[in-house]
Structure formats: structure tokens, C-alpha cells
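The values are calculated or read from the model by the stated rules, or taken from the named source; none is laboratory data. Since the structure is predicted, the reported quantities are computational estimates derived from the model, not experimental observations. Cβ coordinates were reconstructed from backbone atoms using ideal geometry, including for glycine residues, and neighbour counts include every protein chain displayed.
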């Protein structure tokens, strides 16, 4: 049975029509007031049924009702998928961002109860990580040059990967070595070697002599975040051009 307890709520203008009953308790993106499509942009749970431009109540922390996109078990960690549905965060999928935990078993398409805290939503890296201060703003999944405290501009500069978005002067979790979330600047297939290009993007366009710093674990669409094995400065030079 779905229950609801104390939670933290803020408000914003709805960016689309959300008054249909089927949208309530789905995840919302704070930047545009629309249904979130992944855990990275999800900022809270829709608690009312607004039309576009109307007052939207957004629960961003505490015990709340949520819309389950699949069958979930008490204790499951959850992330967000298309249309704001909640689904299980795969512990083997570092691209997932955990936004909460299920309180009681719930069937697919039903309303469940969970404990959420969106501002501290985090990736699930597996490897060596450290909380490091950034001199410049760095987006989640971008390669970082730790000496400069900014995004890396090439493979040779890539010391770590930001696992959360961090503002200038802020501190966040950086992946130093292992499996984590990386953002690519071009379509990438599972198994492709990756280097780093302008603005900290990972790219499969590794030229001969270029620094291979990671390998894609799964297929990743251009401009999105996915699973990578990051080698960091333990990477190697490519001896031939790699598509």
C-alpha cells in the first residue's frame, strides 16, 4: 500500500500539461518543469496535477509516493527513466543515478512509497574515487584536468571523471580509475576505445598516437552519459586509427 509521510516541497511553473492522472508522482526536471527522462535531470516528484504554466508542486526529499515503471522490491535503489517513471538502479550500471530507495514492494505501473533525496542524487561508480574541489564548473560525466581544476581538453590531460555536476569552487565525487559514468561527444559502441576532446567529452575518434583513456562498456548516444571503464593516466597510446 502506498503511504506518504513528511517531505520537502518547492514550487515552479509547469512546462507542459501534467493534469492527467497518469503523470502525478512521476519525476520532474527542475530546469523546464517537464517530465524527466533520466536520473541526471530529475529534481523531484510531481505532487499535484497542473496544466502548462500553472503552479507545480515538486517534492524533492523525504518519504513520497512514486510511479513505478517496473516491479520493485523493498530496499531497491531507484533511478528515473523516460516519462518520469522510476525503475531499479542497476548496481552494475554506473550510468544510473540513484534518487531514492523503495520502502515496500510495488508492481509495475502502480504507485509505491519510497524515501528520496534528489539534491544528493549520485552515480554508482565502481573503482577509485575521491571528493575533489573544482576551480571551474564541470558537468557530470566530463573528463577533468585535476591540475587545472577544469574540464580536460585532451586525453593527456584527463586525470579523472566528474560523477556529478559541480559548480566553480564546489566539491564533488571524481572517478580516478575504474567503472563510472562518462559523457560522449559522438555515437559510441560497446567496446570502443575512447580519448578526450575539447570541453571534456569522451570520443571514439582516437587517432594514431592519441591517448586512450577509457573504453565504452555499453553503447552511448552522442551527447549523453553512459558506462565507461576509465584508465586515466594509466592509459596508452593508440598505434593505429580507431573508429
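Candidates 22, 59: the one that is farther than 23 Å from residue 142 by Cα, assigned to a helix (DSSP H, G or I) and at pLDDT 90 or above is 22. Filtered by the rule that a residue be assigned to a strand (DSSP E or B) and under 14 Å from residue 195 (Cβ atoms), segment 152-164 gives a lone residue, 161. Please determine whether any residue of segment 68-80 is at pLDDT 90 or above, in contact with a helix residue (DSSP H, G or I) (Cβ under 7 Å, 6 or more places away or on another chain) and either surrounded by 15 or more Cβ atoms within 10 Å (Cβ to Cβ) or not in a strand (DSSP E or B) (or both). No, segment 68-80 contains no residue that is at pLDDT 90 or above, in contact with a helix residue (DSSP H, G or I) (Cβ under 7 Å, 6 or more places away or on another chain) and either surrounded by 15 or more Cβ atoms within 10 Å (Cβ to Cβ) or not in a strand (DSSP E or B) (or both). Report whether or not residue 15 is modelled with pLDDT of 90 or more, part of a strand (DSSP E or B) and outside the structural domain of residue 163 (by TED's automatic domain parsing). No.
Taking the criterion of being free of Cβ contacts under 8 Å to residues at least 60 places away in the same chain and within 18 Å of the chain's Cα centre (by Cα), the residues of segment 149-162 that qualify are 151, 162.
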